[in-house]
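Student: Here it is: the structure, laid out below.
Rule-based calculations on the coordinates, nothing more; no lab input. Just so you know, these numbers come straight off a predicted model, no measurement behind them. Cβ: placed from backbone, ideal geometry, glycine included. Neighbour counts: every protein chain shown.
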Amino acid sequence: MTTLYRDRSGQALVELTLVLPLLLIFVLGIVDYGRAIYDMEVVTNLSGEGSSMASRGTSLGNTAIAVMADADVDMNSNGCVVVTSVASGATPGTYKVTGQATSAVCNGGSSRIGCFPPPATCGNANLPVGVQTVLQANANTTVYVTEVFYNFSAATPVGSFLTNSTLLPSQLYSVAFY
């Protein structure tokens with residue numbers, strides 16, 4: 001009977017060499033997905049904080065600086081904050097950017113809401129329908145918008161492959177309206 005087990009002594013080693021690369025790919029992929037989820041939560045919280053601060057009277061410039069400083073991720077090298085104030089325009093259904101501030105360094109982000117001061121190509125502010133409804137219902141109301149951009153970079157070679165194949169985002173974006 002001992003010869004029966006001795007003949008199989010290399011089987012576990014062969015199985016391990018076949019399964020270990022798949023296990024490593026799986027674990028490293030989970031690590032990078034976990035980092036992406038964490039970074040997205042940070043970006044989402046930062047945008048909410050910024051809009052809340054601006055709506056309570058903090059200047060747009062100071063709000064952008066505070067949001068950059070509060071980040072748990074490297075916003076100075078990989079991020080951008082844009083804080084915008086938007087009010088109803090003279091024509092019903094139009095919304096004008098009344099002020100805007102960006103972080104000192106803006107890596108890969110420009111406002112998707114609008115620009116200030118608006119050049120001829122800027123046009124009106126782009127707002128979701130729910131925000132437009134609030135502005136239409138309440139005259140003389142200003143909405144404060146904080147946009148946070150963050151360039152996500154993978155920590156593992158597997159994550160780099162997933163980022164290049166569009167399974168992981170290369171840029172995280174969050175916007176909050178207050």
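Okay, residues lined up against (1) surrounded by 13 or more Cβ atoms within 10 Å (Cβ to Cβ); (2) farther than 30 Å from LEU168 by Cα:
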{"residue": "GLY29", "(1), (2)": "yes, no"}
{"residue": "ILE37", "(1), (2)": "no, no"}
{"residue": "GLY48", "(1), (2)": "yes, no"}
{"residue": "SER52", "(1), (2)": "yes, no"}
{"residue": "ILE65", "(1), (2)": "yes, no"}
{"residue": "SER110", "(1), (2)": "no, no"}
{"residue": "ILE113", "(1), (2)": "yes, no"}
{"residue": "LEU127", "(1), (2)": "yes, no"}
{"residue": "ASN140", "(1), (2)": "no, yes"}
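Student: Still on this structure: Output the residues belonging to segment 126-160 that are of a type outside the set (Val, Ile, Thr), touching a helix residue (DSSP H, G or I) at 6+ places or on another chain (Cβ under 9 Å) and over 19 Å from SER52 (Cα atoms). Spell out how you get there, then give the answer.
Tutor: We begin by selecting, within segment 126-160, every residue of a type outside the set (Val, Ile, Thr); these are 126-128, 130, 132, 135-140, 144, 147, 149-155, 157, 159-160.
From what is left, the residues that are touching a helix residue (DSSP H, G or I) at 6+ places or on another chain (Cβ under 9 Å) are 127, 144, 147, 149-155, 157, 159-160.
Answer for segment 126-160, where residues must be of a type outside the set (Val, Ile, Thr), touching a helix residue (DSSP H, G or I) at 6+ places or on another chain (Cβ under 9 Å) and over 19 Å from SER52 (Cα atoms): TYR150, ASN151, PHE152, SER153, ALA154, ALA155, PRO157, GLY159, SER160.
Student: If I filter segment 24-45 for residues that are touching a residue at least 60 places away in the same chain (Cβ under 8 Å) and closer than 22 Å to LEU127 by Cβ, do I get at least one hit?
Tutor: yes
Student: Sticking with this structure for a sec: Let me spell it out: the conditions are (1) more than 22 Å from the chain's Cα centre (by Cα); (2) surrounded by fewer than 16 Cβ atoms within 10 Å (Cβ to Cβ), and ASN164 meets all of them except one. Which number is the exception?
Tutor: Against the list (1) more than 22 Å from the chain's Cα centre (by Cα); (2) surrounded by fewer than 16 Cβ atoms within 10 Å (Cβ to Cβ), ASN164 comes up short only on (1).
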